[in-house]
Every structure is written in structure tokens, then in C-alpha cells.
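Some notes on the structure that comes next.
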Amino acid sequence: MLPQLIANGLVMGCSYALVALGFALIYNTTRTFHFAHGGVYVLSAYLLYTFRNLWGIPLVPAAILTLLLIAFLGVAIDEVLYRPLVKRGSSQPIQMLSSLGLYIVIINLIAMFYGNETKMLSPGVQPTYTVGHIILARTQIVTAVTFVVLFVSLLFLLRKSRMGKTIRALRDDPELVSASGINARFFRWSVFALGSVLAGVAAILAGLDVGIDPNIGMTALLSGAVAVIIGGVGVFEGAALGGIALGLLQSLAIWQTSARWQDMVTFVVLIVFLLFRPQGLFGIRRRAEEMAG
């Protein structure tokens, strides 16, 4: 039973890691606590449900169309919500509350149009594959493979490409980037688009595996944010490893208790890290004056 729980935890962690990577990319670059990331996650699943289950579009074209719209939504959120707040000099708490408000609006609109009941994106029984004593559904295997491919691709993009170097520079000193003649606004758009696509991919895969309802966004958002804290704020790859660690911890908690305690495990882990290692597993503790600067 333990090997099966570990395998399930790793797959769950891969899903959390995708959400965390999108959240970390946006937060590390723009310092925006993007609560609406949870709304983007939920809307991605419901867009796929609309295109595939209601309109009859095949899965792959429906998923591509969903991700294109979600990328545009990410840019629109930055332009319509965050950019005006930044221009007015609004504080981070104001931006965070505005983002939370947008999340609530998105969730309530989804519930209004689609209802609160659980919907299945992939009706019927999924094919399963057995390795030893471990049984995995096809969607679980696709989730793990997709995470590995996207994670490696993003690391290459951020560390080796010119775009990645510009994004890191935008994180460190956005004013200097603008003064250098670089279109900082375009790269900010790129960050929100890419971060939203990562949330969309995670939502699509999770929805195909276990179904969707309007409340899945908050769980995904909290898990992603906690994964970022576990890995270390500012450490991109730490967000992915934090997500996997959180998935494993939740799965092992089920072994000793029940699935009802998963959310409690998330918050216990959050409290432990905030109290004893706020810099995360891979972060570096900095002095207060360095953080203020």
C-alpha cells in the first residue's frame, strides 16, 4: 500500500508543482500575490468542459484553445486590474485584496452558469497501467510526464535564453530594464501569460483525472502558494520541489488518517515552515536591511 500512496503523492505533487511554478513565476517577477491565479485555474477547467463536453470539440484542439484563452486572460488581468493599481501607487495589500475580489467574482460567475455540482471532464473508466504493486491511470502518467517536460523547458527558458535573462532582470530592477530600452511591459505580459498557462495545464489534467467543481481553485491556489514557501520564495525550481514534497506529505497523511485531513496537513506544513524555516528549503536567509532594500 505504501508504494501506491507514494506514487499517488508524486502525481499529486506534480499537479501542485505546475500551479506553484505559475504562481512563483508571477510573484517572483512582479511581486504580485496573484490570488486570481486560483480563478484562472478553475476557469481553465470549465473552458475545457465547455469546448469538449458541451460543444464536442476533440480533446487536443479544445485544450489548445483553452490555454490560448487563458494566456490572454492572464494578460488582461494584469492590464485591467494590476497595472492601474500600480500606476496609482497602491500598496501590496490593496493589490492582494483586489486579486482576491476578482477570484471571488470568477468563482461565483462559474457557479451561476454551471452550477455547484461536480462535473466529469472524462466520462467512463480510464485505462490503467500496473508496475509491480503500483496502479496508475493514464491521466496520472500524462500529468507526471507533462510536469517533467514543462519544468525542464522552463528552466532552460529562464536560465539560458535571452527572454529568461530579461525576466530575471525585470524581477531585480524593473526601472533599470525600462531605462535600458527594453519593453518591460511586454515581458510582464509574457510572465502573466505563461504563469496562467501553467495553471491551465494543471487544471486540465486534474479535471480529466478527478472532475471539477467551482471550489477547486482555492485548494489549488493554497497548495501552490504553500509549495512556493516550502521551496523558497524567489527560487523557481524550489516551487516545483515544494509542490512534490507537499503532495507526498498529503498522501502519506491519508495512510495514517483519511483524505479529510489533507487540507490540515497543508496548513500545518505552512505554519512549521513560517516558524522554523521561513526562507524555505532552498532559499537563503537574508537580513532585514537586505530585504528592505
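What follows is calculated from the coordinates using simple rules that are stated; it is not laboratory data. What you see is a predicted model; the values in this text were computed from it and never measured. Using ideal geometry, Cβ is built from the backbone for each residue, glycine included, and neighbour counts are taken over all protein chains shown.
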Among ALA71, ALA253, ALA227: highest mean-square fluctuation, GNM of the chain, C-alpha pairs under 10 Å: ALA253
Ordering of 14-23, 42-51 by burial proxy (mean other Cβ atoms within 10 Å per residue, highest first): 14-23, 42-51
On Cα atoms only, tilt of 162-172 relative to the major axis of the chain in degrees: 70 degrees
Amide H contacts of ILE135 (H built 1.01 Å from N, under 5 Å, at least 5 apart or other chain): none
Sorted peptide list for 192-204, 134-146, 209-221, criterion being average Cβ within 10 angstrom, highest first: 192-204, 209-221, 134-146
For GLY211, net neighbour charge (Lys/Arg +1, Asp/Glu -1) across residues whose Cβ lies under 15 Å away: -1
Cβ-derived FRET efficiency at R0 41 Å, HIS133 paired with ASN53, nearest 0.05: 0.75
Degrees separating the helix 262-276 axis from the principal Cα axis of the chain, which is the longest one: 30 degrees
Entry for semi-axes √(5λ) of the Cα gyration tensor in Å (calculated from the structure that is shown) out of (1) 46, 20, 17; (2) 30, 24, 18; (3) 33, 20, 17: (2)
15 Å reach of a label modelled at ARG162, 7 Å along Cα-to-Cβ, counting backbone N of region 184-208: 184, 187
GLN126 versus ILE271: modelled label distance in nm, points set 7 Å from Cα along the beta carbon direction: 3.3 nm
Approximate spin-label separation ALA111-GLN4, in nm, with each point projected 7 Å along Cα-to-Cβ: 3.5 nm
Cβ-Cβ FRET estimate between TRP261 and VAL148, R0 fixed at 25 Å, reported to 0.05: 0.30
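Expected output is a single nm value to one decimal: the length gained when fully extending between PHE72 and ILE141, i.e. 0.36 nm times separation in residues minus the C-alpha distance. What is it?
Full extension of this stretch gives 22.0 nm more.
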0 to 90° range, to nearest 10: angle between helix 138-160 axis and the chain longest Cα axis: 20 degrees
Most fluctuating residue given options VAL268, VAL40, VAL148, as computed from a GNM of the chain linking Cα atoms under 10 Å: VAL268
Helix-only CD estimate at 222 nm, as mean residue ellipticity for the chain, using -39500 (n - 2.57) per DSSP H run (n ≥ 4): -24000 deg cm²/dmol
